[in-house]
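Working notes, structure below.
The values are calculated or read from the model by the stated rules, or taken from the named source; none is laboratory data. Because the structure is a prediction, the values reported are computed rather than measured. Quick reminder, even Gly has a Cβ in these numbers, built from the backbone with ideal geometry, and neighbours come from all protein chains shown.
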Amino acid sequence: MIKETKKAKVKFMIGMVLRFWPEYVEFKRMVDSDIYGKLATLACTRLSSRPIFGWDGWYFDPKRSGGVALIFI
């Protein structure tokens, strides 16, 4: 992706913004501080409703969305 981005002369970035959410920032601070000791294992689950944004349901159409992996329980 980086090579193609440079070739196309466009900007490229990963759109994962969760790391900037206050809850995640605080968790990172706690882990880095060893306040509860060294982290050995971590299992997390992010619960969320189905995304309602997007035009004409494109998010759920693999041909239009690029096949984004979505898991709904």
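Being in a helix (DSSP H, G or I) and either aromatic (Phe, Trp, Tyr) or touching a Leu at 6+ places or on another chain (Cβ under 9 Å) (or both) is the filter; apply it to the stretch 31-60 and report the residue that is surrounded by the most Cβ atoms within 10 Å (Cβ to Cβ). Walk me through how you get there before you give the answer.
Of the stretch 31-60, the ones in a helix (DSSP H, G or I) are 31-33, 58-60.
Now narrow it down to the ones that are either aromatic (Phe, Trp, Tyr) or touching a Leu at 6+ places or on another chain (Cβ under 9 Å) (or both): 31, 58-60.
Details: VAL31: 13, TRP58: 12, TYR59: 15, PHE60: 13.
Checking each candidate, the answer is TYR59.
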Looking only at residues in the stretch 1-30 that are basic (Lys, Arg) and assigned to a helix (DSSP H, G or I), which one is nearest to ARG46 (Cα to Cα)? ARG19
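Per-residue answers, yes or no, for (1) under 15 Å from the mean Cα position of the chain (by Cα); (2) at pLDDT below 90:
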{"position": "ALA8", "(1), (2)": "no, no"}
{"position": "LYS11", "(1), (2)": "no, yes"}
{"position": "MET16", "(1), (2)": "yes, yes"}
{"position": "PHE20", "(1), (2)": "yes, yes"}
{"position": "GLU23", "(1), (2)": "yes, no"}
{"position": "ARG29", "(1), (2)": "no, no"}
{"position": "TYR36", "(1), (2)": "no, no"}
{"position": "ALA43", "(1), (2)": "no, yes"}
{"position": "PHE53", "(1), (2)": "no, yes"}
